[in-house]
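Trainee: Below you will find the structure I want to go over with you.
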Amino acid sequence: AVPKDGMRVAMFQVDVKQGCFVACDGLRLHRAVETGFPVDLSIPASVVPTLLKLLRPSSNSPLYVGVKDNKAYLVIGSDVLSFSQAVVAFPSSVEHSYVTPCVGHSVKLSLSVEHSLSAIKQVQVLANDETKEMSIDFSSKAVEFSSTSGRGSAAVHQMKDVEWKGARHSVLVNVEFFLHAFLSFARYGYEECILSVEPHTKKELVMLQTPD
């Protein structure tokens, strides 16, 4: 969710406060909490690709972090990464505006990562090449992923823990954003994830999170 262009300077970073990692590109907000990481850190967007390579999932090396003034030092195995932290503070209002829902209907359900990933891959093939839109249709017993291009839809999956009540409901999301998220869940061994939709000002807030 780290922006690549077209955003205010303060957004070009991953904000870390006592183990809470936050990034936002204006469309997506990613928030993750890592226990046992009592560090405040601002990781510039330009550093993120290098850091991800060093923190490859196959690596079991411990991570050591040091901060002095505006400099940060990360030691991963035999690699040392040093960088200057972001000069402009991450806007505190961003996370609040994304995660504070208004009153109204909501959807919350548990998704199989494997089955959902298969359906999303099907929709990606069918999706409009320009909009990349995917429709998520909810009912009291099922959820369906489909393209908005009229080319077809993926299979309907029966889901458990559905907390939606009322008429059939739909939201539109970017299929590539969802694909990247579910690929990450699968890569790190999650079998299920939580999808929730909350009404929020003029739009609906769609959130994906791990069960823990």
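The values are calculated or read from the model by the stated rules, or taken from the named source; none is laboratory data. Just so it is clear, the model here is predicted, and its values are computed rather than measured. Glycine also receives a Cβ, built like all others from the backbone with ideal geometry; neighbour counts cover every protein chain displayed. What goes into the accessible areas is simple: the full protein's heavy atoms, side chains included, and nothing from ligands, DNA or RNA. Shrake-Rupley method; radii C 1.70, N 1.55, O 1.52, S 1.80 Å.
Trainee: Might you let me know whether segment 149-162 holds any residue that is modelled with pLDDT of 80 or more and in contact with an Asp or Glu (Cβ under 9 Å, 6 or more places away or on another chain)?
Mentor: Taking segment 149-162 as the starting set, the residues that turn out to be modelled with pLDDT of 80 or more are none.
No, the conditions are met nowhere in segment 149-162.
Trainee: Scanning segment 118-138 for residues that are part of a helix (DSSP H, G or I) and of a type in the set (Gly, Ala, Ser), which turns out surrounded by the most Cβ atoms within 10 Å (Cβ to Cβ)? Talk me through it step by step, then tell me what you get.
Mentor: Taking segment 118-138 as the starting set, the residues that turn out to be part of a helix (DSSP H, G or I) are 118-126.
Subsequent filtering for residues that are of a type in the set (Gly, Ala, Ser) retains 118-119.
On the way: 118: 15, 119: 23.
Once the filter is applied, the top-ranked residue is 119.
Trainee: Is it true that residue 171 is over 23 Å from residue 2 (Cβ atoms), surrounded by fewer than 19 Cβ atoms within 10 Å (Cβ to Cβ) and modelled with pLDDT under 80? Let's see the steps before the verdict.
Mentor: Numbers: over 23 Å from residue 2 (Cβ atoms): yes; surrounded by fewer than 19 Cβ atoms within 10 Å (Cβ to Cβ): yes; modelled with pLDDT under 80: no.
For residue 171, the condition - over 23 Å from residue 2 (Cβ atoms), surrounded by fewer than 19 Cβ atoms within 10 Å (Cβ to Cβ) and modelled with pLDDT under 80 - is not met.
Trainee: While we're here: I'd like to check something: does segment 28-38 contain any residue that is open to solvent by 60 Å² or more (accessible area, probe 1.4 Å) and modelled with pLDDT of 85 or more?
Mentor: In the first step, residues of segment 28-38 are kept if they are open to solvent by 60 Å² or more (accessible area, probe 1.4 Å); the result is 28, 30-31, 33-36, 38.
When the remaining residues are screened for being modelled with pLDDT of 85 or more, the result is none.
No, the conditions are met nowhere in segment 28-38.
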